[in-house]
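*Asks:* Take a look at this one; I'll ask things after.
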């Protein structure tokens, strides 16, 4: 991207820009290349204007949250990467008319911190995402969750910026949340409102600790990984089965490609060491897919999102 193109996109906006930003190191894998431009908007208007300009100029734009479900290609990414880490994009607000029963969370709010704050205040409704890394926006986009429920369970409204820069709002009657997916239209999630239930702080904290402990016991949370590598697929009878079990039954725990390894604790996690590259992870995921297909006749679909260069020139 030329200096002129950068100036036209965000030169007059209230943003902070990092060129050749090492975003791969910011992901939970801790590997991968750089972003040509990492942009931190300081106002909603700046974000919306930048999104609209990128659409008009055909410049690719992506949003980087906590990097918990992301693999950045070794060659990095082009275009604009947005990071909604300004305090205005991390706010949590509660209704103050009568008993508190509603949370309005900005998309950049940290899921860990949000769950802990709700527990502190004795508000129930989001314990199901305890132990899941990421942001509110990223969690909504993939309907983060698992055995205990999903983030979409208590959503009341979602506010978005379309890829053309239009502000849109959706209420619960318009939204569908299913396994690892939602019908929230393409665009950037800005915030969401959740319905909560007043409870005793001790009870909410106990439930959060219970869920977190269960995940800690079953998952390699101390290792570098991006969480589950693959979605749980349906078998031939249409029943959803754990991808980790299929990988384990195919004898793939401990399988290694370069610095990437199929976890011996949970087979649906790929962990990395300091020698790993994004190419190692991609090759290992492809090998796991092929071995599971050979063993079970089931095609695994990646849950990890991979970013790579689009090849679109920006002059």
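Please treat every number below as a calculation from the coordinates, not as lab data. The model shown is predicted, which means the values in this text are computed figures rather than measured ones. Cβ coordinates were reconstructed from backbone atoms using ideal geometry, including for glycine residues, and neighbour counts include every protein chain displayed.
*Asks:* Can you classify the chain as rounded, prolate or oblate using the Cα gyration tensor, where a ≥ b ≥ c are the square roots of its eigenvalues, rounded means a/c under 1.5, and otherwise it's prolate if a/b beats b/c and oblate if not?
*Replies:* oblate
*Asks:* Still on this structure, please answer the following. Using Cα-Cα distances under 8 Å and only pairs 6 or more residues apart, what relative contact order does the chain have, in percent?
*Replies:* After rounding, I find 19 percent.
*Asks:* Using a Förster radius of 35 Å, what is the FRET efficiency between residue 25 and residue 171 based on their Cβ-Cβ separation? Nearest 0.05, please.
*Replies:* Given R0 = 35 Å and the Cβ-Cβ separation, E is 0.35.
*Asks:* Suppose R0 equals 22 Å; then what is the FRET efficiency for residue 236 and residue 179 from their Cβ-Cβ distance, rounded to the nearest 0.05?
*Replies:* Values: r = 18 Å, r/R0 = 0.82.
According to the calculation, E is roughly 0.75.
*Asks:* Also, I was wondering about something else. With contacts defined as alpha carbon pairs under 8 Å and 6 or more residues apart, what's the relative contact order of the range 3-86 in percent?
*Replies:* Numbers: 155 pairs, mean separation 30.2, N = 84.
Relative contact order here is 36 percent.
*Asks:* Going highest first, how would you order 169-176, 265-272 by mean Cβ packing within 10 Å? Numbers along the way, then the final one.
*Replies:* Values: 169-176: 12.6, 265-272: 23.8.
Listed from highest to lowest mean packing, they are 265-272, 169-176.
*Asks:* State the Cα centre-to-centre distance between the range 211-227 and the range 108-182 in whole Å.
*Replies:* 20 Å
*Asks:* Counting pairs of alpha carbon atoms under 8 Å apart in space and at least six apart in sequence, what relative contact order in percent does the range 90-206 give?
*Replies:* Reported as a whole number, the value is 33 percent.
*Asks:* Taking the mean number of other Cβ atoms within 10 Å as a proxy for protection, how do you rank 178-188, 72-82 from highest to lowest?
*Replies:* The peptides rank, most packed first, as 72-82, 178-188.
*Asks:* Also, I was wondering about something else. Please give the peptides 4-16, 97-109, 134-146 ranked by average Cβ packing (other Cβ atoms within 10 Å per residue), highest first, as a rough proxy for protection.
*Replies:* Descending packing order for the listed peptides: 134-146, 97-109, 4-16.
*Asks:* Could you estimate the translational diffusion coefficient of the range 16-79 from the Stokes-Einstein equation, with Rh from the Kirkwood formula over C-alpha pairs, at 20 °C and 1.002 mPa s, in whole µm²/s?
*Replies:* Rounded to a whole number, D works out at 174 µm²/s.
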